[in-house]
Amino acid sequence: MMFVMAAVMEGPLADLSAWQTDDCSIAKAFEVVGTRSAVLILREAYYGTRRFDGFARRVQITDAAAAAQLRKLTRAGLLEKQPYRDEGKRTRHEYVLTPMGRDLLPAVLALMQWGDAYLQPGPPPLQLVDAVTGAAVQVQVRSESGHEIDLEELGVRLNEEYVVARQQRPSR
């Protein structure tokens with residue numbers, strides 16, 4: 001039998017039954033990108049897709065589904081619409097990543113890396129490499145000093161700035 005460790009829950013978080021997951025950032029993130037099509041549209045944006053037809057075709061979803069997801073990702077601030085016009089045609093819009101969308105890249109690559117390791121029957125179809133050196137790239141959890149952190153070494157503590165800000169919020 002495998003012995004499974006967990007993150008080190010610190011202070012008042014150590015008793016899991018004593019606190020709620022209110023304002024969970026993971027839950028909030030999934031409200032925005034918690035569907036297959038949302039994540040695959042972001043994948044395509046990272047790969048360079050910018051136009052509506054390209055997203056719908058490459059993600060293999062209907063135009064209605066693509067429109068809904070692009071609208072949602074744009075409203076959430078991950079994509080931005082920019083006008084373009086092909087010669088002799090009307091002005092249309094393409095979608096480009098915002099800084100917020102670019103900052104989600106490590107999470108999407110971590111999903112890819114996990115899928116490569118556990119869901120592919122053989123070698124993964126794509127390799128992530130540094131475009132300049134060709135060196136392999138992987139997503140890891142590291143401390144500010146560069147030390148790789150395993151789950152058992154990960155501390156989770158209450159953010160005092162959050163506590164102060166929450167106390168200053170008007171009550172509902």
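The values are calculated or read from the model by the stated rules, or taken from the named source; none is laboratory data. Because the structure is predicted, anything quoted here is derived from the model rather than measured. A quick note on method: Cβ atoms are made from the backbone with ideal geometry, for glycine too, and the neighbour counts reach across all protein chains shown. Please note that ligands, DNA and RNA were not included when accessible areas were found on the heavy atoms of the full protein model with its side chains. Shrake-Rupley method; radii C 1.70, N 1.55, O 1.52, S 1.80 Å.
Helix 63-76 against the longest principal axis of the chain: what's the angle in degrees, Cα atoms only, rounded to the nearest 10?
Approximately 50 degrees, to the nearest ten.
What net charge do the residues around residue 59 carry, taking every other residue with its C-beta under 13 Å from that of residue 59, with Lys and Arg at +1 and Asp and Glu at -1?
+2
How much of the DSSP beta bridge set in the chain is antiparallel, as a percent to the nearest 5?
80
If you take every residue apart from residue 34 with its C-beta less than 13 Å away from the C-beta of residue 34, what net charge results, scoring Lys and Arg +1 and Asp and Glu -1?
Local net charge: +2.
Out of the total accessible area of the chain (probe 1.4 Å, heavy atoms of protein only), what percent is carbon and sulfur?
On the way: 7280 of 13220 Å².
Carbon and sulfur together cover 55 percent of it.
Give me the number: length gained by fully extending residue 31 to residue 68, i.e. 0.36 nm times residue separation minus the C-alpha to C-alpha distance, one decimal in nm.
Values: separation 37, 0.36 × 37 = 13.32 nm, distance 1.40 nm.
Extra length from residue 31 to residue 68 when fully extended: 11.9 nm.
Taking the Cα centre of segment 37-85 as origin, work out the dipole magnitude from +1 charges on Lys and Arg Cβ and -1 charges on Asp and Glu Cβ, in debye rounded to 20.
My answer is approximately 100 debye.
Kindly identify segment 1-80 as rounded, prolate or oblate by the Cα gyration tensor criterion: order the square roots of the eigenvalues as a ≥ b ≥ c, call it rounded if a/c is under 1.5, otherwise compare a/b with b/c, prolate if a/b is larger, else oblate.
The shape class here is prolate.
Within segment 53-148, which GluC sites (Glu not before Pro) sit in a loop by DSSP and count at most 10 neighbouring Cβ atoms inside 10 Å?
Numbers: sites: 80, 87, 94, 144, 148; in loops: 87, 144.
Counting only loop positions with at most 10 other Cβ atoms within 10 Å, the GluC sites (Glu not before Pro) in segment 53-148 are 87, 144.
Quick one: compute the contact order of the chain, relative version, from alpha carbon pairs under 8 angstrom and 6+ residues apart, as a percent.
In percent, rounded to a whole number, it is 26.
To the nearest 10 degrees, how steeply does helix 36-47 sit against the main Cα axis of the chain, on a 0 to 90 scale?
Here the helix axis deviates by roughly 70 degrees.
Most fluctuating residue of 31, 44, 152 in a GNM of the chain with Cα springs under 10 Å: which is it?
Checking each option, the largest mean-square fluctuation is seen for 152.
Expressed as an acute angle from 0 to 90° and rounded to the nearest 10, what is the orientation of the C-alpha long axis of helix 105-118 relative to the principal long axis of the chain?
Approximately 80 degrees, to the nearest 10.
Which one, [x] 19; [y] 11; [z] 43, gives percent of Cα pairs over 28 Å apart as derived from the coordinates shown?
Matching the structure shown: [z].
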